[in-house]
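Participant: Would you mind keeping the following structure in view while I ask a few things?
The values are calculated or read from the model by the stated rules, or taken from the named source; none is laboratory data. Note that this is a predicted model, so its numbers are computed, not measured. Virtual Cβ from ideal backbone geometry, glycine too; neighbours counted across all protein chains shown. Side chains included, ligands, DNA and RNA excluded: accessible areas come from the protein's heavy atoms. Shrake-Rupley method; radii C 1.70, N 1.55, O 1.52, S 1.80 Å.
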Amino acid sequence: MYYLIALFALTLNPLIWKSNYKKKSFLAFQGLRLIAGIVSIFVLTYVGLVDHTWEAFISYGLFIIGAFFILDILFIRGKYGGITPLLGLAFIIGGLYFTFIYPITITNDKYEFVKKKVTIEKKEESAIDEQHIPVVPEKYARYRSEKLIGELKHSSYYDLGDSTIQKIDNHLYWVTPIEYTGFFKWLKGEKVPGFIKMSAEDEGAEAELVQVKMNYVPSAFFSRDVKRHVRSIHKDMILLDVSFEPDDEDHPYYVIPYGKYEKFRNIVDVKGVYLVDPVTGKTTDYSLNNLPDFIDHAIPTNVAEDWNEWYGKYVHGFWNSYFSQEDVMVPTNWEGVDEVNGVFDQELQLHWFTDFTRPKSGSGAMVSYSILNARTGKFTFFTEGNGLLNGKSAMNVAEKTFRANKYEAGTPILYTIYGQFTWVVPLMDSNHVFREMMLINAKDEKVYSTGDTKRKLFDDYKYAIATKLGNDTTTPTDKALLKSQKGIVSHVYKAETERGTAVKFMIQGSDKIFVVQSSDFPYSIFIEKGNTVEFNYIDTDEIMTSVNGEFEIIK
């Protein structure tokens, strides 16, 4: 039935038909127009996967039908013969209005739409367990995943899809689906062999190939394209960006959020997701308040970006956003990556985070920040960020700290660590190989720690807060001080890592586990039970702590 709309491609002016219906050239031209109309509908619906709604027909049809009507100018005869070309011009002008002018008139509506979803808070008090703070950057995860692609049979048939960070069995992973490299590789290739996951929490973990044969993927063609597969079932819904999410048993799924447009396709409201099993094609509809526990990405990043922009930019309307800019805030614009970053709260629920700065200020400080729950759409705006170091400045601090090494900073994420706003910044070399992590205090960039292991990184950061944060009274603990220790080794354990040997040991009369890296203290690999050792460490209330400053085997 949708293809009946192609009849609008024909000449609809009866006066033109009356004058030309006997001409073979005219009839042939009408046939070509009808074919062009059918092709246009095919491109929009089958290739472009446009929803089958009247709003979509008007939005796209005004331009297409207008162009066909203007073609009638070739056959104008008589006083009223030119009415359809003029009507076609009016359609195109209408399309231009809805495309460029109308969105300007509804900026207040965009702001009010988001404002209804926003909760204003002063400060996010809850901290997250350091174990679940992701320190592995996406580029490094993809670098390690590329190596596994090369080990596949017919590896040239496949490539990496988009990498996303998500929770699997209460741990954070970078997950990357495998995709076809093109049409002919899809024809010749077998089913997609699976996906790759790599820990986002453990900097020493290996990437892992999870083998499962998948039929319905975004890079497949015709009915095996996962989004086209869903469109064939649900024709009238707005389909948003596809994400790949395995469950806790590593069974893969594609998540396709859907919603409805408001204000003539200018405001999208997410209503739920279609969950597709790429093995069988089975598709299940879930509303936002009834999602399976393993789904993290129900609100796409582009929707979160729009909501943040509307809330910060259109607080006093369109013209204010460009001229006086009263109360205007601008979300951080990251080059080449999404403007929102994924952070996980203490319950390991994914939120889209962004910080806001003043427009055109060139300042290195933020004025506020927001988080948007990627499962529920709950939007929380925090006001206690004014004057804190913003994300781009945190990247600059990290790269300048390692200027001699020419390290590249990954996308930073703001967390509350030990009661302090803290930027977590991963650093990589020019080949995207992970090298260092850095914690930078957002209140004072001179308070920071660096390390290639989490244990040392967080212990050093506690010590830096306790000793370098000036007169600030919100230090995490008065026990975070550097102390000396001498004793006899009662237990020792050694493990090989990419960065050398990690030696864990205990001494008689203490229940603490001390960690020393051979890369920092080469002689530590010779520790044996019964040795007397002397060293410095950061004294905290935690069981495990790292050796810091000095280490010596006395006998």
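Participant: State all residues of segment 283-299 that are of a type in the set (Gly, Ala, Ser) and not in a loop (DSSP other than H, G, I, E, B); if no residue qualifies, say none.
Facilitator: Once the filter is applied, which keeps residues that are of a type in the set (Gly, Ala, Ser) and not in a loop (DSSP other than H, G, I, E, B), segment 283-299 yields only 287.
Participant: Please work out which residue is farthest from residue 436 (Cα to Cα), limiting yourself to segment 181-203 and to residues that are within 23 Å of the chain's Cα centre (by Cα) and part of a loop (DSSP other than H, G, I, E, B).
Facilitator: Looking at residues that are within 23 Å of the chain's Cα centre (by Cα) and part of a loop (DSSP other than H, G, I, E, B), I get 181.
Participant: Are any residues in segment 372-414 of a type in the set (Phe, Trp, Tyr), touching a Leu at 6+ places or on another chain (Cβ under 9 Å) and closer than 29 Å to residue 117 by Cα, and if so, which ones?
Facilitator: Matches in segment 372-414: 379 only.
Participant: Additional query: Check 75, 42, 8 and return the single one that is aromatic (Phe, Trp, Tyr) and open to solvent by less than 60 Å² (accessible area, probe 1.4 Å).
Facilitator: Result of the check over 75, 42, 8: 75.
Participant: Please find, among 236, 247, the residue that is open to solvent by 50 Å² or more (accessible area, probe 1.4 Å), of a type outside the set (A, V, I, L, M) and either touching a helix residue (DSSP H, G or I) at 6+ places or on another chain (Cβ under 9 Å) or outside any strand (DSSP E or B) (or both).
Facilitator: Just a single option satisfies the conditions, and that option is 236.
Participant: Can you tell me which of 529, 555 is among the basic types (Lys, Arg), surrounded by fewer than 20 Cβ atoms within 10 Å (Cβ to Cβ) and at pLDDT 90 or above?
Facilitator: 529
Participant: In segment 300-335, which residues are in contact with a helix residue (DSSP H, G or I) (Cβ under 6 Å, 6 or more places away or on another chain), closer than 23 Å to residue 373 by Cβ and part of a helix (DSSP H, G or I)?
Facilitator: Selection gives 307, 310, 311, 313.
Participant: Taking the options 345, 355, 327, name whichever one is in contact (Cβ under 8 Å) with a residue 12 or more places away in the chain, buried (at least 20 other Cβ atoms within 10 Å of the Cβ) and either among the acidic types (Asp, Glu) or within 15 Å of residue 416 (Cα to Cα) (or both).
Facilitator: 355
Participant: Right, something else. Taking the options 440, 465, name whichever one is open to solvent by less than 10 Å² (accessible area, probe 1.4 Å) and at pLDDT below 85.
Facilitator: 465
Participant: Give me a count of the residues in segment 265-282 that are open to solvent by less than 40 Å² (accessible area, probe 1.4 Å) and either touching a helix residue (DSSP H, G or I) at 6+ places or on another chain (Cβ under 8 Å) or assigned to a strand (DSSP E or B) (or both).
Facilitator: 12
Participant: Mind checking which residues of segment 410-426 are in contact (Cβ under 8 Å) with a residue 60 or more places away in the chain, part of a strand (DSSP E or B) and not aromatic (Phe, Trp, Tyr)?
Facilitator: 413, 414, 416, 417, 424, 426
Participant: Can you find even one residue in segment 393-400 that is assigned to a strand (DSSP E or B) and in contact with a Gly (Cβ under 6 Å, 6 or more places away or on another chain)?
Facilitator: No, segment 393-400 contains no residue that is assigned to a strand (DSSP E or B) and in contact with a Gly (Cβ under 6 Å, 6 or more places away or on another chain).
Participant: For segment 206-242, which positions are without any contact (Cβ under 8 Å) to a residue 60 or more places away in the chain and hydrophobic (A, V, I, L, M, F, W, C)?
Facilitator: 210, 220, 221, 222, 226, 230, 233, 242
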